Amino acid sequence: MTSLISRRWAAVATGLALTFCATAAQADYPDHPIQAISPYAAGGANDFLTRLMAQHMGTALKTTIVVENKAGANGIVGAGFVAKAAPDGYTLLMGNSATHGTNPTLYKQMPYDPDRDFAPVGMVASVPIVLAINAKLGVNNIPELLAYAKSHPGKLAFGSSGVGGTGHLCGEAFKAETGLDMVHVPYKGDAPAVADAMGGQVQMAFVGVASAAPLLASGKIKILAVASAHRSGSLPNVPTMAEAGYKDIQFAQWYALVTRAGTPAPVIAKLNEATKVVLAQADVKKSLATQGADPEYMTPDQLRGFYQSEIKRFAEIITRLGIKAE
(Lines give C-alpha, C1' and ligand atoms only; values in the text may rest on other atoms or scores of the structure.)
Protein backbone atom coordinates (compact mmCIF):
# COMPACT_ATOMS: atom_id res chain seq x y z
CA MET A 1 0.00 0.00 0.00
CA THR A 2 2.80 2.34 0.98
CA SER A 3 4.58 1.48 -2.27
CA LEU A 4 1.43 2.31 -4.29
CA ILE A 5 1.04 5.68 -2.55
CA SER A 6 4.69 6.43 -3.13
CA ARG A 7 4.37 5.68 -6.84
CA ARG A 8 1.31 7.91 -7.08
CA TRP A 9 3.11 10.78 -5.34
CA ALA A 10 6.09 10.24 -7.60
CA ALA A 11 3.84 10.48 -10.67
CA VAL A 12 2.24 13.66 -9.31
CA ALA A 13 5.65 15.15 -8.57
CA THR A 14 6.87 14.29 -12.05
CA GLY A 15 3.79 15.87 -13.59
CA LEU A 16 4.25 19.04 -11.55
CA ALA A 17 7.90 19.19 -12.48
CA LEU A 18 7.10 18.84 -16.20
CA THR A 19 4.42 21.52 -15.92
CA PHE A 20 6.84 23.82 -14.14
CA CYS A 21 9.51 23.24 -16.78
CA ALA A 22 7.04 23.87 -19.62
CA THR A 23 5.80 27.05 -17.94
CA ALA A 24 9.36 28.23 -17.38
CA ALA A 25 10.26 27.50 -21.00
CA GLN A 26 7.26 29.50 -22.20
CA ALA A 27 8.21 32.39 -19.92
CA ASP A 28 11.76 32.37 -21.33
CA TYR A 29 10.61 32.11 -24.95
CA PRO A 30 12.48 32.64 -27.14
CA ASP A 31 15.77 31.43 -25.69
CA HIS A 32 17.33 30.37 -29.02
CA PRO A 33 16.94 31.32 -32.71
CA ILE A 34 13.62 30.93 -34.51
CA GLN A 35 13.32 29.50 -38.01
CA ALA A 36 10.99 31.25 -40.49
CA ILE A 37 10.02 29.32 -43.61
CA SER A 38 9.17 31.03 -46.88
CA PRO A 39 7.48 28.34 -49.02
CA TYR A 40 8.59 30.04 -52.24
CA ALA A 41 11.87 30.82 -53.97
CA ALA A 42 14.02 33.76 -52.95
CA GLY A 43 13.24 37.08 -54.59
CA GLY A 44 9.44 36.97 -54.60
CA ALA A 45 6.91 38.79 -52.44
CA ASN A 46 6.62 35.95 -49.91
CA ASP A 47 10.39 35.86 -49.48
CA PHE A 48 10.57 39.65 -49.13
CA LEU A 49 7.87 39.73 -46.46
CA THR A 50 9.35 36.78 -44.57
CA ARG A 51 12.74 38.49 -44.39
CA LEU A 52 11.26 41.86 -43.47
CA MET A 53 9.23 40.40 -40.61
CA ALA A 54 12.10 38.16 -39.47
CA GLN A 55 14.45 41.10 -39.17
CA HIS A 56 12.09 43.30 -37.18
CA MET A 57 10.38 40.59 -35.13
CA GLY A 58 13.81 39.28 -34.16
CA THR A 59 14.60 42.69 -32.70
CA ALA A 60 11.25 42.86 -30.91
CA LEU A 61 11.70 39.37 -29.44
CA LYS A 62 15.43 39.88 -28.73
CA THR A 63 16.47 36.87 -30.74
CA THR A 64 17.58 35.89 -34.23
CA ILE A 65 15.03 34.69 -36.79
CA VAL A 66 16.66 32.71 -39.58
CA VAL A 67 14.84 32.60 -42.93
CA GLU A 68 14.89 29.47 -45.05
CA ASN A 69 13.27 29.03 -48.46
CA LYS A 70 11.54 25.70 -49.02
CA ALA A 71 9.92 26.16 -52.40
CA GLY A 72 7.79 23.75 -54.38
CA ALA A 73 4.26 22.75 -55.36
CA ASN A 74 2.68 26.19 -54.92
CA GLY A 75 3.83 26.48 -51.30
CA ILE A 76 2.90 22.93 -50.30
CA VAL A 77 6.48 21.78 -49.65
CA GLY A 78 7.27 24.53 -47.17
CA ALA A 79 3.88 24.38 -45.48
CA GLY A 80 4.17 20.62 -45.13
CA PHE A 81 7.55 21.05 -43.44
CA VAL A 82 6.14 23.40 -40.79
CA ALA A 83 3.11 21.14 -40.31
CA LYS A 84 5.50 18.47 -38.99
CA ALA A 85 7.65 20.77 -36.84
CA ALA A 86 7.73 20.70 -33.04
CA PRO A 87 4.83 22.68 -31.49
CA ASP A 88 7.10 25.09 -29.63
CA GLY A 89 6.99 28.33 -31.63
CA TYR A 90 10.50 27.96 -33.03
CA THR A 91 9.34 27.22 -36.59
CA LEU A 92 7.17 29.79 -38.38
CA LEU A 93 5.59 29.78 -41.84
CA MET A 94 4.76 32.78 -43.97
CA GLY A 95 1.51 31.32 -45.22
CA ASN A 96 -0.57 33.01 -47.88
CA SER A 97 -3.69 32.92 -50.01
CA ALA A 98 -2.40 29.75 -51.70
CA THR A 99 -1.17 27.66 -48.74
CA HIS A 100 -4.19 28.62 -46.60
CA GLY A 101 -6.67 29.60 -49.29
CA THR A 102 -6.79 27.92 -52.69
CA ASN A 103 -4.57 24.84 -52.24
CA PRO A 104 -7.01 22.87 -50.06
CA THR A 105 -9.47 22.81 -52.96
CA LEU A 106 -7.06 22.67 -55.89
CA TYR A 107 -5.07 19.72 -54.56
CA LYS A 108 -6.93 16.66 -53.32
CA GLN A 109 -3.91 15.17 -51.57
CA MET A 110 -1.78 17.46 -49.42
CA PRO A 111 0.67 16.73 -46.57
CA TYR A 112 -1.14 19.17 -44.28
CA ASP A 113 -4.53 20.43 -43.25
CA PRO A 114 -4.49 24.26 -43.07
CA ASP A 115 -6.78 24.35 -40.05
CA ARG A 116 -5.84 21.22 -38.09
CA ASP A 117 -2.06 21.38 -38.47
CA PHE A 118 -1.39 25.07 -37.85
CA ALA A 119 -1.81 27.64 -35.11
CA PRO A 120 -2.45 31.14 -36.50
CA VAL A 121 -0.05 33.84 -35.31
CA GLY A 122 -1.12 36.99 -37.15
CA MET A 123 -1.90 38.56 -40.50
CA VAL A 124 0.96 40.52 -42.06
CA ALA A 125 -0.14 42.18 -45.30
CA SER A 126 -2.31 42.03 -48.39
CA VAL A 127 -1.49 42.95 -51.99
CA PRO A 128 -4.57 43.67 -54.14
CA ILE A 129 -4.92 42.23 -57.62
CA VAL A 130 -5.12 44.72 -60.49
CA LEU A 131 -6.27 44.50 -64.10
CA ALA A 132 -3.36 45.62 -66.28
CA ILE A 133 -3.73 45.91 -70.06
CA ASN A 134 -1.48 46.55 -73.02
CA ALA A 135 -1.55 50.29 -73.75
CA LYS A 136 -1.74 49.71 -77.51
CA LEU A 137 -5.32 48.49 -77.13
CA GLY A 138 -6.34 52.12 -76.73
CA VAL A 139 -8.62 51.21 -73.81
CA ASN A 140 -8.88 53.54 -70.81
CA ASN A 141 -11.56 51.95 -68.61
CA ILE A 142 -13.62 48.80 -68.22
CA PRO A 143 -16.59 49.92 -70.39
CA GLU A 144 -14.12 50.60 -73.20
CA LEU A 145 -12.55 47.17 -72.63
CA LEU A 146 -15.96 45.52 -72.96
CA ALA A 147 -16.61 47.44 -76.18
CA TYR A 148 -13.21 46.42 -77.53
CA ALA A 149 -13.91 42.78 -76.72
CA LYS A 150 -17.21 42.88 -78.62
CA SER A 151 -15.53 44.28 -81.70
CA HIS A 152 -12.62 41.82 -81.47
CA PRO A 153 -14.24 38.46 -80.62
CA GLY A 154 -11.86 35.69 -79.65
CA LYS A 155 -8.84 38.00 -79.59
CA LEU A 156 -8.32 38.50 -75.87
CA ALA A 157 -6.08 36.52 -73.49
CA PHE A 158 -5.16 37.27 -69.91
CA GLY A 159 -2.11 36.23 -67.97
CA SER A 160 -1.78 35.37 -64.28
CA SER A 161 0.81 33.96 -61.88
CA GLY A 162 -0.53 30.44 -62.46
CA VAL A 163 -3.51 28.11 -62.34
CA GLY A 164 -5.54 28.59 -59.17
CA GLY A 165 -3.70 31.71 -58.01
CA THR A 166 -5.66 34.75 -56.86
CA GLY A 167 -4.92 36.49 -60.16
CA HIS A 168 -6.35 33.54 -62.09
CA LEU A 169 -9.45 33.44 -59.89
CA CYS A 170 -9.90 37.19 -60.26
CA GLY A 171 -9.66 36.92 -64.04
CA GLU A 172 -12.13 34.06 -64.21
CA ALA A 173 -14.56 35.87 -61.91
CA PHE A 174 -14.29 38.99 -64.08
CA LYS A 175 -14.86 36.88 -67.19
CA ALA A 176 -17.96 35.30 -65.65
CA GLU A 177 -19.36 38.66 -64.49
CA THR A 178 -18.81 40.48 -67.77
CA GLY A 179 -19.23 37.67 -70.26
CA LEU A 180 -15.88 38.59 -71.84
CA ASP A 181 -14.55 36.12 -74.37
CA MET A 182 -10.96 35.67 -73.18
CA VAL A 183 -8.50 32.83 -72.65
CA HIS A 184 -6.33 32.28 -69.57
CA VAL A 185 -2.57 31.96 -70.03
CA PRO A 186 -0.79 30.78 -66.84
CA TYR A 187 2.74 31.96 -66.03
CA LYS A 188 5.22 31.08 -63.29
CA GLY A 189 4.72 34.28 -61.36
CA ASP A 190 3.27 37.78 -61.73
CA ALA A 191 6.40 39.29 -63.29
CA PRO A 192 6.39 37.26 -66.54
CA ALA A 193 2.61 37.60 -66.82
CA VAL A 194 2.64 41.40 -66.70
CA ALA A 195 5.78 41.52 -68.86
CA ASP A 196 3.95 39.64 -71.62
CA ALA A 197 0.95 41.95 -71.26
CA MET A 198 3.33 44.87 -71.71
CA GLY A 199 4.91 43.20 -74.73
CA GLY A 200 1.60 42.24 -76.34
CA GLN A 201 1.91 38.44 -76.10
CA VAL A 202 -1.30 38.63 -74.03
CA GLN A 203 -3.60 41.63 -73.97
CA MET A 204 -4.05 41.86 -70.21
CA ALA A 205 -2.96 40.42 -66.88
CA PHE A 206 -4.47 40.03 -63.43
CA VAL A 207 -1.50 40.45 -61.10
CA GLY A 208 -0.51 41.93 -57.75
CA VAL A 209 -0.28 45.72 -57.69
CA ALA A 210 3.43 45.58 -56.83
CA SER A 211 4.22 43.83 -60.11
CA ALA A 212 2.24 46.21 -62.29
CA ALA A 213 2.51 49.68 -60.73
CA PRO A 214 6.27 50.21 -61.39
CA LEU A 215 5.72 49.49 -65.09
CA LEU A 216 3.22 52.32 -65.62
CA ALA A 217 6.06 54.76 -66.27
CA SER A 218 7.00 52.78 -69.39
CA GLY A 219 3.74 53.84 -71.02
CA LYS A 220 3.30 50.29 -72.31
CA ILE A 221 0.59 49.22 -69.87
CA LYS A 222 -2.42 50.76 -68.22
CA ILE A 223 -4.14 49.67 -65.02
CA LEU A 224 -7.91 49.79 -65.32
CA ALA A 225 -9.05 48.66 -61.88
CA VAL A 226 -8.01 47.40 -58.46
CA ALA A 227 -9.84 44.32 -57.12
CA SER A 228 -10.15 45.55 -53.53
CA ALA A 229 -12.70 47.20 -51.28
CA HIS A 230 -10.76 50.48 -51.35
CA ARG A 231 -8.31 52.16 -53.67
CA SER A 232 -4.67 51.18 -53.41
CA GLY A 233 -2.25 53.59 -51.78
CA SER A 234 0.13 52.82 -54.64
CA LEU A 235 -2.52 53.72 -57.25
CA PRO A 236 -4.80 56.37 -55.71
CA ASN A 237 -6.20 57.43 -59.09
CA VAL A 238 -7.19 53.93 -60.23
CA PRO A 239 -10.81 52.94 -59.46
CA THR A 240 -11.81 49.75 -57.72
CA MET A 241 -13.79 46.99 -59.39
CA ALA A 242 -16.71 48.02 -57.19
CA GLU A 243 -16.57 51.54 -58.62
CA ALA A 244 -16.68 49.98 -62.06
CA GLY A 245 -19.85 48.10 -61.07
CA TYR A 246 -18.41 44.76 -59.94
CA LYS A 247 -18.54 44.87 -56.15
CA ASP A 248 -18.09 41.11 -55.71
CA ILE A 249 -14.74 41.03 -57.48
CA GLN A 250 -12.34 41.42 -54.57
CA PHE A 251 -9.11 39.45 -54.67
CA ALA A 252 -5.78 39.95 -52.97
CA GLN A 253 -2.59 38.06 -52.37
CA TRP A 254 -2.48 37.98 -48.58
CA TYR A 255 0.29 36.86 -46.27
CA ALA A 256 0.09 35.62 -42.69
CA LEU A 257 2.36 34.03 -40.09
CA VAL A 258 1.37 30.63 -38.69
CA THR A 259 3.16 27.98 -36.66
CA ARG A 260 2.65 24.35 -35.68
CA ALA A 261 -0.67 23.44 -34.06
CA GLY A 262 -0.34 22.74 -30.36
CA THR A 263 2.10 25.58 -29.73
CA PRO A 264 1.38 26.97 -26.22
CA ALA A 265 -0.92 29.98 -26.08
CA PRO A 266 1.61 32.20 -24.22
CA VAL A 267 4.10 31.64 -27.04
CA ILE A 268 1.49 32.48 -29.67
CA ALA A 269 0.62 35.63 -27.71
CA LYS A 270 4.28 36.76 -27.72
CA LEU A 271 4.59 36.18 -31.44
CA ASN A 272 1.35 38.01 -32.19
CA GLU A 273 2.36 40.98 -30.04
CA ALA A 274 5.69 41.16 -31.88
CA THR A 275 3.80 41.10 -35.20
CA LYS A 276 1.56 43.94 -34.03
CA VAL A 277 4.52 46.04 -32.87
CA VAL A 278 6.43 45.51 -36.12
CA LEU A 279 3.49 46.34 -38.41
CA ALA A 280 3.04 49.66 -36.60
CA GLN A 281 6.61 50.78 -37.33
CA ALA A 282 6.96 53.56 -39.89
CA ASP A 283 9.95 52.00 -41.65
CA VAL A 284 8.12 48.69 -42.00
CA LYS A 285 5.06 50.42 -43.46
CA LYS A 286 7.37 52.17 -45.93
CA SER A 287 8.99 48.87 -46.92
CA LEU A 288 5.58 47.25 -47.41
CA ALA A 289 4.48 50.16 -49.59
CA THR A 290 7.38 49.49 -51.98
CA GLN A 291 5.72 46.12 -52.64
CA GLY A 292 2.24 47.61 -52.98
CA ALA A 293 1.35 45.84 -49.73
CA ASP A 294 -0.95 47.12 -47.01
CA PRO A 295 -0.20 46.08 -43.39
CA GLU A 296 -3.10 43.98 -42.06
CA TYR A 297 -2.84 43.17 -38.35
CA MET A 298 -5.14 40.46 -36.95
CA THR A 299 -5.31 38.53 -33.72
CA PRO A 300 -4.83 34.75 -33.96
CA ASP A 301 -8.57 34.16 -33.65
CA GLN A 302 -9.34 36.76 -36.30
CA LEU A 303 -6.77 35.21 -38.63
CA ARG A 304 -8.18 31.70 -38.20
CA GLY A 305 -11.67 32.97 -39.00
CA PHE A 306 -10.33 34.88 -41.99
CA TYR A 307 -8.55 32.01 -43.69
CA GLN A 308 -11.39 29.61 -42.93
CA SER A 309 -13.72 32.00 -44.76
CA GLU A 310 -11.21 32.40 -47.62
CA ILE A 311 -10.91 28.62 -48.05
CA LYS A 312 -14.69 28.42 -48.29
CA ARG A 313 -14.95 31.37 -50.69
CA PHE A 314 -12.18 30.10 -52.97
CA ALA A 315 -13.61 26.58 -52.95
CA GLU A 316 -16.94 27.89 -54.22
CA ILE A 317 -15.25 29.86 -57.01
CA ILE A 318 -12.88 27.05 -58.01
CA THR A 319 -15.70 24.50 -58.08
CA ARG A 320 -18.17 26.76 -59.89
CA LEU A 321 -15.66 27.73 -62.59
CA GLY A 322 -14.22 24.22 -62.89
CA ILE A 323 -10.62 25.31 -62.28
CA LYS A 324 -8.13 22.44 -62.09
CA ALA A 325 -4.54 22.38 -60.84
CA GLU A 326 -1.91 21.77 -63.49
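The values are calculated or read from the model by the stated rules, or taken from the named source; none is laboratory data. Just so you know, these numbers come straight off a predicted model, no measurement behind them. Positions of Cβ are backbone-derived with ideal geometry, glycine not excepted, and every protein chain shown enters the neighbour counts. Please note that ligands, DNA and RNA were not included when accessible areas were found on the heavy atoms of the full protein model with its side chains. Shrake-Rupley method; radii C 1.70, N 1.55, O 1.52, S 1.80 Å.
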Enumeration of residues in the stretch 217-228 that are within 19 Å of the chain's Cα centre (by Cα) and open to solvent by 10 Å² or more (accessible area, probe 1.4 Å): 228
Could you check residue 62 against (1) on the phi < 0 side of the Ramachandran plot; (2) at pLDDT 90 or above and say which number it fails? (1)
So for the stretch 150-164 (the condition being touching a strand residue (DSSP E or B) at 6+ places or on another chain (Cβ under 6 Å), assigned to a helix (DSSP H, G or I) and crowded, with 16+ Cβ neighbours inside 10 Å), does at least one residue qualify? no
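Filter the stretch 175-190 for residues that are part of a strand (DSSP E or B) and among the β-branched types (Val, Ile, Thr); which is farthest from residue 234 (Cα to Cα)? Write out each step before concluding.
First pass over the stretch 175-190, keeping only residues part of a strand (DSSP E or B): 182-186.
Cutting the leftovers down to among the β-branched types (Val, Ile, Thr) gives us 183, 185.
Details: 183: 28, 185: 26 Å.
Here the residue is 183.
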Go through the stretch 23-79 residue by residue and tally those that are surrounded by fewer than 16 Cβ atoms within 10 Å (Cβ to Cβ), touching a residue at least 12 places away in the same chain (Cβ under 8 Å), assigned to a helix (DSSP H, G or I) and of a type in the set (S, T, N, Q). 0
For the condition assigned to a strand (DSSP E or B) and either modelled with pLDDT of 90 or more or closer than 20 Å to residue 146 by Cβ (or both), what is the one hit in 193, 225? 225
Somewhere in the stretch 202-216, is a residue open to solvent by 50 Å² or more (accessible area, probe 1.4 Å) and small (Gly, Ala, Ser)? no
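So which residues in the stretch 239-279 are among the hydrophobic types (A, V, I, L, M, F, W, C), without any contact (Cβ under 8 Å) to a residue 60 or more places away in the chain and within 29 Å of residue 223 (Cβ to Cβ), if there are any at all? Before you say what the answer is, go through the steps one by one.
Step one: filter the stretch 239-279 for residues among the hydrophobic types (A, V, I, L, M, F, W, C), giving 241-242, 244, 249, 251-252, 254, 256-258, 261, 265, 267-269, 271, 274, 277-279.
Adding the requirement that they be without any contact (Cβ under 8 Å) to a residue 60 or more places away in the chain leaves 242, 265, 269.
Residue satisfying the conditions is 242 alone.
Identify, from the list 172, 144, the residue that is part of a helix (DSSP H, G or I) and open to solvent by 50 Å² or more (accessible area, probe 1.4 Å).
Working: 172 fails: open to solvent by 50 Å² or more (accessible area, probe 1.4 Å).
Step by step, each of 172, 144 is checked, and only 144 is part of a helix (DSSP H, G or I) and open to solvent by 50 Å² or more (accessible area, probe 1.4 Å).
Quick one: is residue 193 aliphatic (A, V, I, L, M), surrounded by fewer than 19 Cβ atoms within 10 Å (Cβ to Cβ) and in contact (Cβ under 8 Å) with a residue 24 or more places away in the chain?
Working: aliphatic (A, V, I, L, M): yes; surrounded by fewer than 19 Cβ atoms within 10 Å (Cβ to Cβ): no; in contact (Cβ under 8 Å) with a residue 24 or more places away in the chain: yes.
So residue 193 fails the test.
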Is there a residue in the stretch 104-112 that is among the aliphatic types (A, V, I, L, M) and either assigned to a helix (DSSP H, G or I) or open to solvent by 30 Å² or more (accessible area, probe 1.4 Å) (or both)? yes
Determine if the stretch 125-136 includes at least one residue that is assigned to a strand (DSSP E or B), open to solvent by 10 Å² or more (accessible area, probe 1.4 Å) and touching a Lys or Arg at 6+ places or on another chain (Cβ under 8 Å). yes
Every residue in the stretch 291-326 that is in contact (Cβ under 8 Å) with a residue 12 or more places away in the chain and of a type in the set (S, T, N, Q), please. 291, 299, 302, 308, 319
Hits in the stretch 229-280 - residues which are within 23 Å of residue 171 (Cβ to Cβ), among the charged types (D, E, K, R) and more than 20 Å from the chain's Cα centre (by Cα): 243, 247
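Quick one: would you say residue 142 is in contact (Cβ under 8 Å) with a residue 40 or more places away in the chain and in contact with a Leu (Cβ under 6 Å, 6 or more places away or on another chain)? Quick ask: steps written out before the conclusion?
Values: in contact (Cβ under 8 Å) with a residue 40 or more places away in the chain: yes; in contact with a Leu (Cβ under 6 Å, 6 or more places away or on another chain): yes.
So residue 142 passes the test.
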